[in-house]
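Worksheet: the structure to be examined is printed underneath.
The numbers here are math on the coordinates, done by the rules we state, and not lab data. These figures come from a predicted structure and were not determined experimentally. Note: ideal-geometry Cβ built from the backbone for every residue, glycine included; neighbour counts use all protein chains shown.
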Amino acid sequence: MDSQTLTTETAACYHCGEQCNGDSIHVGGKPFCCEGCKMVYQVLEDNDLENYYCLEDQPGISLNGDRSTKRFDYLDDESVLEELVDFRNEKTTSVTLHIPGIHCTSCVWLLEKLYKLDEGIAKSSVNFLKRELSLVFDHQQTSLRKIAELLYSIGYEPELRLDRIEKKQQTSPGRRLWLKMGVAGFAFGNIMLFSFPDYLAGTSTDLDGNFAFFFGFLNIALGLPVLFYSSQDYLKSAWAAIRQGGINLDVPISIGILALFSRSVYEILTGIGTGYMDSFTGLVFFLLIGRMIQKKTYERLAFDRDYRSYLPLSVTILDENGAESTTSINKILEGSRMLIRNQELIPADATLLSEQCFVDYSFITGESEPVKIEEGDTIFAGGRIVGKSGLMTATKEVSNSYLTKLWNDAAFDSAPNKLNISSLADRISPHFTLSVLTIAMVAGFMWYPVGTEQSINVFTAVLIIACPCALALSTPFTLGSALNIFSRNGLYIKGIEVIESLSKVTDIVFDKTGTLTKAHQADVSFEGGELTEHDYRIVKSVCKQSVHPLSQKIVGYLERIPLKAVDQFEELINKGIKAMVDGRQLVMGSAKFVQQETGLSLSTRHQSSQAASQVHIAIDGEWKGWFKVRSSYRQGIPELLRNLKERFTTYLISGDNEQQKKELQTYFSSDSLLFNQKPQEKLDFIKNLQNKDKSILMIGDGLNDAGALQQSNFGIALTDDVSSFTPACDAILDGNAIASMDQFISFAQKSIHIILWSFGLSLIYNIVGLSFAVTGQLSPLVAAILMPLSSISIMVFTSVTTHITAKRMGLATWK
């Protein structure tokens, strides 16, 4: 191993790519930003895994910060293991872990070679889209805790949260649907093969009687599992609707399915024909394809979350002797002493035992400035410790804390205000069903004088050919295509059933911080004077120690400036900082604070700005100027707000202060700007609009928006990482795609129009089919052609039309 050297040159870390400011570490001529990144490189080098760095440039994750692995001690708890593992016997354990840090081919390559880092691991495989790592290991040689520590040490910390440990293993609904579709497809293909002679001959009389009966018997045998297994969802739904005195689209579909199957069985058993088993199984197969598209969502995203999704699985607690240990937060009781470190969430309401600490409540309230908490004060669950660790005593269990109350509102129960896209077809279903039954009965009576058998044939033929299969496929295939187009353009919608809600919005409500603006970025500039290179180093070194968001944004602005050692540091929350660096005194903060501490008069030296924050700088009693920090709006926001204001009523509701109110009045009317709003006030605001018969689109980003997002008719959680945790919502929006929101709404409206057009096309097919049925001319050949043709044509029409419409609107379609 090459010796380690230090250098003050600025370079990109060989492991993670971050800038190595100040004294960087060099090993073998390669720069590293911290000891953590250097350690990972050495581990990989020692185990002949250096090819990790050949697949991508700087593929690793920054490892700055505390690398203590005591947090995983709880994984030795047998009760926790029982909930986490997928399989376990005397020697082998199988487990699936969620790894958010998976981001490139190098990550996959390394994680699938974990066996080289731990001999107890027999196999590891990665599902890139789900960010999941599946492991099989010998628990006699290693343990889940050791594997978690290994992953943590190389920068791939597993995400183990409360909702995951409480989630019971269930059979996947998608798996069941695949099985049903597989059964129907298998039967469809084989029955078509058995019926091929009939397609050529046109009648069953051309086949030898024994062969005809044999093939007919096979068709019935193949049709039975399709009826009782593959089509059970439609039959159950129809029966439930009838029992409740209603008619949905599944009622006429079920009538068609039963009529098609029963008539086929009757014809085969009586020997008068070969039936329509091919059309029956084909109908169910195509319907299930549509349902699969309707059920399909993005596996790597999560749209439904509660408070458990945001809490870590474990917390550090102290016993009576002060010894630290970790435990599952389910086991936190009233009186438990918790040690919460920097950037960790507080899982339960507590009383502070330390002298003081700073808590960032932006996760809940949206207010960006941290709150100073003194010894004996109450700290609410959901806050995040900033800076020095805090020792506290839990006053409530996790399930009874403030954080959970955000989900106690009725908005999180069933969301009755959500529209269902199937309502388009369901509204037609009662009229369609009654019309079909009327036509069938009238046609049957008209043919009765000719003969009872012919009357029954015509009656069942009408029910068969009028089965609204094309009608049922219109919605899932149109909106399935729309869903894919939305995703290619950065809007990931929960499912097709909520797209109608997006198309019907009348009012749009925006959050501000993190939604219109970038939460962790700002436009920073220095005005009013000049700073030398040495002054900048002093300012950055001091800001690096601060917990205030403005200080962190100044650090980002000065990212290439090297650091210096800070001799003295004192931060007065929401006021400013006093510090000593290299024997020089620095005072920075608000104008009022700098004046009080230095005796300088700044009133004539600057103009205050409501649209920007100012951080004044005084060094050795001399005022140097101020940093102007403005919120950085996302690209395209001004144009988007102007366009939406012309079509909708728009509001801005924020938990932050009114500093930018004047600037925002350009895009919102003064009475539609609300600041300093708590989560409950946001939710109540949405309810009040809905009470005025408004359909609300809400766009937010934080936990403080969760109630409002869930209550709104269509809630969008905006994020810069679509795989990260987001509040409960109907859609997740990539932060770079928010400028296209106007196009998204228009495209949703166009998609509903395409469904209506496909309904018209389906109606034409039904009219053609009925003309054959009522005149007694429905032969097996006609039924075999018309029914699949109508389904396939609807699938092609909706998919092609949807993509053409999207392309005309400037949205990305096929790649």
(message) Below 12 angstrom from the Cβ of Lys628, what's the summed charge of the other residues (Lys, Arg +1; Asp, Glu -1)?
(response) 0
(request) Would you mind checking the pairs Lys750/Lys807; Lys372/Lys682; Lys38/Lys553 and listing those with alpha carbons more than 18 angstrom apart? (result) Lys372/Lys682; Lys38/Lys553
(request) Normalising by the residue count of the range 614-758, find the relative contact order in percent from Cα pairs under 8 Å and 6+ residues apart. (result) 16
(request) Please state, as a whole number in µm²/s, the translational diffusion coefficient that the Stokes-Einstein equation yields for the range 481-559 at 10 °C and 1.306 mPa s, with Rh defined as the Kirkwood radius across alpha carbon pairs. (result) 95
(message) Quick check on packing: order 709-716, 562-569 by the mean number of other C-beta atoms within 10 Å, highest mean leading.
(response) 709-716, 562-569
(request) Mind ranking 80-89, 744-753, 729-738 by how tightly packed they are, going by the mean number of other C-beta atoms within 10 angstrom, highest first? (result) 729-738, 744-753, 80-89
(request) Provide, as a two-decimal number, the C-alpha radius of gyration of the range 670-720 over 2.2 N^0.38 Å, N being how many residues it has. (result) 1.09
(request) Go through 456-462, 769-775, 642-648, 476-482 and give me the packing order, highest mean Cβ count within 10 Å leading. (result) 476-482, 456-462, 769-775, 642-648
(request) List the lysines whose Cα lies under 16 Å from the Cα of Lys661, skipping any in the same chain that are fewer than 8 positions away. (result) Lys512
